[in-house]
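Beneath this line is the structure, given in structure tokens, with notes to follow.
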Amino acid sequence: MQVLYGDHVSTVHHSGFLQGQLEEVLPVAMATSRRRVEFERRILAQHSRVSQSVSTFSDNDPQASLYKQYLQKCCQWPFYGAAFFHGSLATKTFRLPTQVKIHRKAHVPVNIAVNTSGFHLISLETNSVITSLSYDSVDWDASAEKHCVQLSRSDKTLHVQIKTRMAGLFSSLVSRMSEQYLQRSHGNTSTTTSTAHTQND
């Protein structure tokens, strides 16, 4: 808001100001939800707070400081910098930790986010992270022919099967990412094959 519209002016930036413009500052799913009035109210309140703090920035370029703060906030997300693979989670074939809750449908649309820290399953129905898994905590298989990705643990506390036409690309990226992760974490490549099993049929 501060980047797009400048300092908060109460006579201008009030209820209704963002009508038809919420998609500029929110994901589409939130901008079109029934809570959009509440979202606008909360955004305007935070815009007012940010405007008051802009003058305290030590940086000579407040605009650059705002962009930096925005990126620092994004970096806190576990899936920051990830590649996203769209798929369908088969709930009949999965097992997740008991604290993880999802809607029990036959198939749940998901994104598998892959970055330097691991895998992140994101529900497209709720736009929330189902679970995040580091490369050294899970075994994985990917079959380009069967359009299938599987994530599991040897102790059987986790088993996930995801149908995706991007399984081949997923396998190629994860092979590189997991090797880099394990080299960085353990200082060698000897553990790579124990946690990353690929099937490029």
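The values are calculated or read from the model by the stated rules, or taken from the named source; none is laboratory data. In this text the structure is predicted, and so the values were computed from the model without any measurement. As a convention, Cβ positions derive from the backbone with ideal geometry for all residues, glycine included, and neighbour counts pool all protein chains shown. The protein model used for the area step is the full one, side chains on, heavy atoms only, and it has no ligands, DNA or RNA in it. Shrake-Rupley method; radii C 1.70, N 1.55, O 1.52, S 1.80 Å.
Put simply, of SER48, SER53, SER58 the only residue that is at pLDDT 80 or above and either of a type in the set (Ser, Thr, Tyr) or open to solvent by 60 Å² or more (accessible area, probe 1.4 Å) (or both) is SER48. Taking each residue of region 126-144 that is closer than 11 Å to SER178 by Cβ and looking for partners that are in a strand (DSSP E or B) and open to solvent by 10 Å² or more (accessible area, probe 1.4 Å) with beta-carbon atoms closer than 8 Å, six or more apart or interchain, yields VAL138/SER152; ASP139/SER152; TRP140/GLN150; TRP140/SER152. Which members of region 27-44 meet the condition of being open to solvent by 60 Å² or more (accessible area, probe 1.4 Å) and in a helix (DSSP H, G or I)? Within region 27-44, VAL28, MET30, ARG36, VAL37, GLU38, ARG41, ARG42 meet the criteria.
Could you check, for region 112-129, whether at least one of its residues is at positive phi and either exposed (fewer than 13 other Cβ atoms within 10 Å of the Cβ) or modelled with pLDDT under 85 (or both)? Checked against the condition, which is being at positive phi and either exposed (fewer than 13 other Cβ atoms within 10 Å of the Cβ) or modelled with pLDDT under 85 (or both), region 112-129 yields at least one hit.
Looking at region 126-174, the strands (runs of 3 or more DSSP E) lying wholly inside it that each contain 3 or more residues that are more than 20 Å from the chain's Cα centre (by Cα) sit at 139-143. Total residues in region 1-22 satisfying the condition of being surrounded by fewer than 14 Cβ atoms within 10 Å (Cβ to Cβ) and either within 26 Å of the chain's Cα centre (by Cα) or over 22 Å from TYR67 (Cβ atoms) (or both): the figure is 11.
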